[in-house]
Amino acid sequence: MSFNTFGRVFRFTSWGESHGPALGAVVDGCPPGIALSEADIQPFLDKRRPGTSKYTTQRQEPDQVRILSGVFEGRSTGTPISLMIENVDQRSKDYSEVAKAYRPGHADYSYDAKYGFRDYRGGGRSSARETAARVAAGAVARSVIPEVEILAYVVEIGGDRIDPANFEKAQIGKNPFWCPDEAAAGRWEKLVDAARLAGSSLGAVVECVATGVPAGWGAPLYAKLDSELASAMMGINAVKAVEIGAGFQAARLRGEENADPMRPGEEKWGSNAPQFLANNAGGIAGGISTGQPVVCRVAFKPTSSILTPVETINSAGEATEIITKGRHDPCVGIRGTPVVEAMMALVLADQKLLHRAQCG
């Protein structure tokens, strides 16, 4: 059995391959009557679209979305919403060597081990191209949670971190790295370009913050908001680690340092909401949102498809080397930023509907 569906009440199923005729998603569980059009979805796909700078893959895909069902006269009908994005710039011949040998770090070998057969053209379902469907579905999810603002940005590339003291929200859309630190963005231009020209790649860390999430979303134990977020983020191609709030740093703190002290606040959401003096918990306690910003960080590994020769084996188990020709991201975390936002939106939309189902 293969699992291509994510979510409990608000669910989406992605379909398609990197070099197939199209890919997309079917979104189910969206409440009826919500204003939705292709124009509401397209801006998010444009943020993820390839070929927008020399720091991303040069594959030229317009990523134009089409709504095939579930919307009538500009509003959701409550039935499945089918979204389609055509592939128009495939170059499958670039993957002739991948058909013969496995790319270390990619899913080539593990797919062969599981299925005994694989679509080697661009990696098929294991390609980051699949994430376009998630971004489209995430745009639908945002329409379900208009009270929430979601913002993701890159905080580290190739081990070079931003300076939090230089954080400027306005800078995020002014550079090709979604970077809030102008000085770091300048350094990253040289860093990523050097890796690209050397036929190599770099990893990145993306931080995502959701503000406006009311207290009470999530559930104890088996539908914790933080565990759902971790699952969503780890499901993104090339992601190898996720932190919520202070994350691993929490293990280095004493109890009094890690606590998020509370003082009397204002009446909010029908109860006396506290004023928090810290947010080490990342806006989640006991699996349930506290009303603070929900914060997570996502680590992307370096792109596995590189021009640097790497030792590997072929399908017969014989030793060989491989270089991956074609057009690939020198730092996949850059275009992974809108994907992180999309998965945050999908989780929060699902949790909002789960909360409404139980608590009204």
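In segment 141-178, which residues are in contact with a strand residue (DSSP E or B) (Cβ under 8 Å, 6 or more places away or on another chain), in a loop (DSSP other than H, G, I, E, B) and closer than 16 Å to TYR55 by Cα? Across segment 141-178, the qualifying residues are GLY158, PHE177, TRP178. Considering every residue within segment 290-306, establish whether at least one is closer than 30 Å to ARG129 by Cβ, at pLDDT below 90 and open to solvent by 50 Å² or more (accessible area, probe 1.4 Å). The answer is no, given that none of the residues of segment 290-306 is closer than 30 Å to ARG129 by Cβ, at pLDDT below 90 and open to solvent by 50 Å² or more (accessible area, probe 1.4 Å). Tallying residues that are over 16 Å from LEU151 (Cβ atoms), touching an Asp or Glu at 6+ places or on another chain (Cβ under 9 Å), buried (at least 24 other Cβ atoms within 10 Å of the Cβ) and among the hydrophobic types (A, V, I, L, M, F, W, C) within segment 312-358 yields 0. Is one or more of the residues making up segment 186-198 open to solvent by 50 Å² or more (accessible area, probe 1.4 Å) and either assigned to a loop (DSSP other than H, G, I, E, B) or polar (S, T, N, Q) (or both)? Yes, segment 186-198 contains at least one residue that is open to solvent by 50 Å² or more (accessible area, probe 1.4 Å) and either assigned to a loop (DSSP other than H, G, I, E, B) or polar (S, T, N, Q) (or both).
Starting from residues that are modelled with pLDDT under 85 and either among the charged types (D, E, K, R) or touching a strand residue (DSSP E or B) at 6+ places or on another chain (Cβ under 8 Å) (or both), keep the ones in segment 80-100 and report whichever is surrounded by the fewest Cβ atoms within 10 Å (Cβ to Cβ). Before the answer, list the steps.
If we filter segment 80-100 for residues that are modelled with pLDDT under 85, which is where we start, we get 88-100.
Going one step further and asking which of them are either among the charged types (D, E, K, R) or touching a strand residue (DSSP E or B) at 6+ places or on another chain (Cβ under 8 Å) (or both), we end up with 89, 91, 93-94, 97-98, 100.
Numbers: ASP89: 13, ARG91: 13, LYS93: 9, ASP94: 18, GLU97: 17, VAL98: 22, LYS100: 13.
The qualifying residue surrounded by the fewest Cβ atoms within 10 Å (Cβ to Cβ) is LYS93.
Here the condition is being over 20 Å from the mean Cα position of the chain (by Cα), modelled with pLDDT of 95 or more, within 28 Å of ASN166 (Cβ to Cβ) and not acidic (Asp, Glu); of ALA210, ALA184, it holds for ALA184 alone.
Can you give me the number of residues within segment 128-150 that are small (Gly, Ala, Ser), open to solvent by 10 Å² or more (accessible area, probe 1.4 Å) and under 30 Å from GLY105 (Cβ atoms)? If you could, list the steps in order and put the result at the bottom.
Filtering segment 128-150 down to residues small (Gly, Ala, Ser) leaves 128, 132-133, 136-139, 141, 143.
Filter once more, keeping what is open to solvent by 10 Å² or more (accessible area, probe 1.4 Å): 128, 143.
Keeping just the survivors that are under 30 Å from GLY105 (Cβ atoms) gives 128.
Residues meeting the conditions: 1.
Counting only residues that are more than 24 Å from ASP46 (Cβ to Cβ) and in contact (Cβ under 8 Å) with a residue 12 or more places away in the chain, segment 182-229 holds 24 of them. ALA232 meets each of the listed conditions (1) under 30 Å from GLY123 (Cα atoms); (2) surrounded by fewer than 19 Cβ atoms within 10 Å (Cβ to Cβ) apart from (2).
Flag set for GLN171, criterion: at pLDDT 95 or above and polar (S, T, N, Q).
If only residues of segment 151-181 that are under 17 Å from the mean Cα position of the chain (by Cα) and without any contact (Cβ under 8 Å) to a residue 60 or more places away in the chain are counted, the one that is surrounded by the fewest Cβ atoms within 10 Å (Cβ to Cβ) is ILE172.
Residue by residue, here is whether (1) touching a Pro at 6+ places or on another chain (Cβ under 6 Å); (2) modelled with pLDDT of 90 or more; (3) open to solvent by 70 Å² or more (accessible area, probe 1.4 Å); (4) under 30 Å from GLY158 (Cβ atoms) holds:
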| position | (1), (2), (3), (4) |
| --- | --- |
| SER2 | no, no, no, no |
| VAL9 | no, yes, no, no |
| SER18 | no, no, no, yes |
| GLY24 | no, yes, no, no |
| LYS47 | yes, yes, no, yes |
| TYR55 | yes, no, no, yes |
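With over 26 Å from the mean Cα position of the chain (by Cα), of a type in the set (Asp, Glu) and modelled with pLDDT of 95 or more as the only criterion, which of GLU228, GLU257 stands out? The match here is GLU257.
The values are calculated or read from the model by the stated rules, or taken from the named source; none is laboratory data. Since this is a predicted model, take the numbers as computed values, not measurements. Cβ sites come from the backbone with ideal geometry, for glycine too, and all protein chains shown count toward neighbours. The area values use the complete protein model at the heavy-atom level, side chains included, leaving out ligands, DNA and RNA. Shrake-Rupley method; radii C 1.70, N 1.55, O 1.52, S 1.80 Å.
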